[in-house]
1. Past the 29 angstrom mark, what percentage of all C-alpha to C-alpha distances in the chain do you count?
2. Take each complete run of DSSP H in the chain, measure how far its Cα atoms stretch along the helix's own axis, and keep only those covering 24 Å or more with mean Kyte-Doolittle hydropathy at least -0.5; list them.
3. Past 28 Å, Cα to Cα: identify those pairs from LYS301/LYS368; LYS16/LYS471; LYS78/LYS175; LYS123/LYS189; LYS261/LYS359, in the order given.
4. Among VAL239, TYR297, THR417, whose Cα lies farthest out toward the positive end of the dipole of the chain, if unit charges sit on the beta carbon of Lys, Arg (+1) and Asp, Glu (-1)?
5. Of the beta bridges DSSP finds with both residues in the stretch 436-528, what % are antiparallel, to the nearest 5?
6. If every alpha-carbon in the stretch 340-407 counts as one equal scatterer, what log10 I(q)/I(0) does Debye give at q = 0.11, 0.16, 0.28 1/Å?
7. Could you check the simple spin-label distance between THR417 and LYS78, using points 7 Å along Cα→Cβ, in nm with one decimal?
8. Among all the lysines, which ones have a C-alpha under 17 Å from LYS497's C-alpha, if same-chain residues fewer than 8 places away are not counted?
Amino acid sequence: MANDTNKFQAIISHCKEYGFIFPSSEIYDGLQAVYDYGQMGSELKKNIKDYWWKSMTQLEDNIVGIDAAIFMHPTTWKASGHVDNFNDPMIDNKDSKKRYRVDHLIEGYVDQLMEEENILLEKSGKEYKETGPYAGISEEEANKIFHDRFAQAGGFEIREKWNSILKSMDALLAKDDFAGLKTLIEENKIKCAISGTCNWTDIRQFNLMFSTEFGSTVSSDDEDNKVYLRPETAQGIFVNFLNVQKTGRMKIPFGIAQIGKAFRNEIVARQFVFRMREFEQMEMQFFIRPGTQKEWYEKWKATRLEWHKSLGMPAEKYRFHDHVKLAHYADAACDIEFEFPIGFKELEGIHSRTDFDLKQHQEYSKKKMQYFDNDVDPATGKPYGNYIPYVIETSIGLDRMFLAVISQAYEEQDLSTADKQDSRVVLKFPAKLAPIKLAILPLTKKDGLPEIAEQIMKDCKPHFRCFYEEKDSIGKRYRRMDALGTPFCVTVDHQTKEDNTVTIRHRDSMEQERVPIEKLKEIVLNAIS
Ligand code: ATP
């Protein structure tokens, strides 16, 4: 099996070769950190979106969805704090002129140290295996040998070093201590990947919002009237909070969900669809009574993790990471991290946003953002009355979820036997997310088999996405469907003409069974429901 960096590259190539993701405007050499979803990718993405949307707006009784515009009144972004605070600390290398996000530069160095540690672990482990069990000594002794070899090679120092760098970085970021961060970079001799030097500028803040002009009345240098491309979808929910609450007669606690594009002028935009300049978010803001935020925060942390697991994603690939430095609007925040082939990274954020956003919009718009709660407060025996609700936010990047799903699904399998070399690449998507659910394959192009296959296609396609193919050998067609992640293939052969049965092949086990044609729909529907 390819190592993880290779696996990541293999996934990127696979995405392109099989129509999942293409670089944007590729004929002009692409646009950095912008991608287009192809015929397979757009289906997979839509299925992820639908799964999230359904879990929020259909399975939860008190969450409704909206679709707000990307452009918003410019004051929105002053009120939300994005004009002043949506910055990342950046540092430039004076020789290469390359700009880095400070945390990414340091984390990149930490990744290198971890890699070094892994190599030593592997080496000491290999030696342990050779000296240990095979030499007939006890496990305890063998472990000691392993430990000593790792220590001798300096493994523990390396581990201690990266741990301490990460700790210092978190502490310095939390204090916005830019001088301290620069010293950390210099002391560890962290180099620019292009120039290979440590010749760094001071650290500065850089705003991540894209701006544009609106109509003909606004000039681009009129700072007050700049129109921004939203950097998050959340504000579209906040400004519509009362519209939805009143017209939907919503009672607190309730949520508003939204899926939509967001734009950030990421400086270090890399790692495929993990970090893009144009991406999609699936966000839900849950409005609650002040004082109840702790319990709702915990509830949404658990609910969201369950959602991931309900897709069959393995629990050990997830972990929570509490924020050390809280954003200006939050009183608690964590990331749900997923173990991508590039390591554990943020997939989703859960934020307790207090009443910050609604309060700010009330102040800037001079419109009341209050809710009247006529439930009785047991402490006073009176209704809770008017208040600005608190908010718990769940925010997941659709593109990152796409990457998580495809990374988890991607497998290179060696199927060689004693007399034949063979292999396959299979995408083991959960059936409900697979772009194509059923491939219908007549064994030959004649003898009336295509007609039967076309009839199956006609019966099944109103219910789920099917794909018909009669070209190439059946083995090749199976492999192609494996590479697209199609969970079921049916083959129509000569026996079908006699007894109305077909062979259904299961993608993961490659097992085949004979089933009556009329059972097909039920089998697939059961798997995707
Ligand atoms: P990061 O620390 O990785 O920059 P963030 O903390 O700024 O992310 P949030 O503002 O919490 O991200 O956004 C919510 C979610 O949106 C993230 O968990 C992530 O899945 C997604 N997201 C954010 N920025 C990008 C991006 N540039 N490309 C793709 N997805 C993104």
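All of the numbers you see were taken from the coordinates with simple rules; none came from a lab. Predicted model, so just to flag it, every value in this text is computed and none were measured. FYI the Cβ positions are ideal-geometry reconstructions off the backbone, even for glycines, and counts take in every protein chain you see.
1. In whole percent, the long-distance tail amounts to 63.
2. 155-174
3. On the way: LYS301/LYS368 30 Å; LYS16/LYS471 22 Å; LYS78/LYS175 23 Å; LYS123/LYS189 26 Å; LYS261/LYS359 25 Å.
Violating the 28 Å Cα-Cα cut-off are LYS301/LYS368.
4. VAL239
5. Numbers: 9 of 17 bridges.
In the stretch 436-528, DSSP labels about 55 percent of beta bridges as antiparallel.
6. -0.50, -0.73, -1.12
7. 7.4
8. The reachable lysines, counting only those whose Cα sits under 17 Å from LYS497, are LYS445, LYS446, LYS519.
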